[in-house]
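Heads up: the structure comes next, in structure tokens.
The values are calculated or read from the model by the stated rules, or taken from the named source; none is laboratory data. From a predicted model like this one, the values you see are computed outputs, not experimental measurements. Cβ placement follows ideal geometry from the backbone for every residue including glycine, while neighbour counts extend to all protein chains displayed. Side chains included, ligands, DNA and RNA excluded: accessible areas come from the protein's heavy atoms. Shrake-Rupley method; radii C 1.70, N 1.55, O 1.52, S 1.80 Å.
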Amino acid sequence: MIHPIIIFASGKGSNAAAIIEYFKNKSIAKVALIVSNKENAGVVDLAKAERIPYTIIDRASFQEEGFVAALKSYRPSIIVLAGFLWKIPDNVIAAFSNRIINIHPALLPEFGGKGMYGGKVHNAVLEAGKKETGITIHYVDEVYDNGAIIMQARCKIDKGDVGEILAARIHRLEHFYFPRTIEFLLMNVSENRI
Ligand code: GRF
């Protein structure tokens with residue numbers, strides 16, 4: 001079967017692009033829908049360019065049961081948060097229990113939680129004087145950056161590294177591991193948990 005993937009993203013969408021590209025010539029999965037909270041986000045341009053259905057949500061419709069029904073109509077095997085900044089409502093989490101995953105640009109449980117995203121994460125890692133950082137892919141539950149960890153990958157921090165350098169290094173890790181982790185999970189789909 002071809003597993004439908006739904007991607008939620010608020011920003012540039014470089015992870016979404018890596019996922020779309022990775023599954024383009026594979027029969028295991030395809031990106032069926034992109035959900036964004038920003039009309040002018042790079043990820044929306046990407047959806048248009050790739051001719052992938054997309055939807056822009058606002059705060060109110062995000063909370064409604066109609067949104068869950070709309071997501072369900074795509075029969076997603078997995079929902080992937082790729083730089084999505086809003087907290088996922090509890091009814092969405094309940095409807096797709098253990099099927100929503102997120103990527104975080106640091107080694108959780110450190111440097112996570114509300115407000116910890118993008119450059120803020122890398123700056124906090126640098127300020128803490130860490131010698132390494134990395135990425136965490138984890139299940140999404142009702143608390144920010146809290147769900148069970150699926151995988152982590154690490155990279156070194158060199159003397160003199162600044163936030164932008166770290167961000168680029170982290171993105172390289174993300175673009176490699178995120179699509180492959182999704183593929184691994186989809187290969188193991190069981191009734192409830194992927
Ligand atoms: C990534 O670094 C991801 O870890 C974080 O948000 C960023 C999204 O980047 N959650 P992009 O929009 O995929 O380029």
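Top to bottom by accessible area (1.4 Å), largest first, where do Lys130, Lys156 land?
The most accessible residue leads, giving Lys156, Lys130.
Find which of Leu33, Met187, Leu126 sits farthest along the positive direction of the dipole of the chain, computed with +1 on the beta-carbon of Lys and Arg, -1 on that of Asp and Glu, about the Cα centre.
Met187
Mind listing the long-range amide H neighbours of Met151? Cut-off is under 5 Å, sequence gap 5 or more, other chains count too, H placed in the peptide plane at 1.01 Å from N.
Ile137
Note the full-extension length gain between Asp58 and Ile2 as 0.36 nm times their separation in residues minus their Cα-Cα distance, in nm to one decimal.
17.2 nm
Return the subset of Lys30/Lys72; Lys12/Lys131; Lys24/Lys48; Lys12/Lys38; Lys130/Lys159 for which the Cα-Cα distance in this structure is over 21 Å, preserving the input order.
Correct reply: Lys12/Lys131.
Hey, any idea what % of the chain's accessible area is carbon plus sulfur with a 1.4 Å probe?
52 percent
At 0.36 nm per residue, and after removing the present C-alpha to C-alpha distance, how many nm does the segment from Ala153 to Asp45 gain when stretched out fully?
Net length gain for the segment: 36.0 nm.
Keeping all protein chains in the complex and leaving out DNA, RNA and ligands, what accessible area do you get for Glu64 with a 1.4 Å probe, in Å² to the nearest 10?
Only protein atoms counted, so the area is about 100 Å².
With every protein chain kept in place and ligands, DNA and RNA left out, what is the accessible area per residue of the chain? Probe 1.4 Å, answer in Å².
That works out to 50 Å² per residue.
Just how large is the dipole of the chain about the Cα centre, in debye to the nearest 20, putting +1 at every Lys and Arg Cβ and -1 at every Asp and Glu Cβ?
About 460 debye.
For Ala69 and Arg180, what is the calculated FRET efficiency with R₀ set at 30 Å and r taken between the beta-carbons, to the nearest 0.05?
Working from the Cβ atoms, E equals 0.45.
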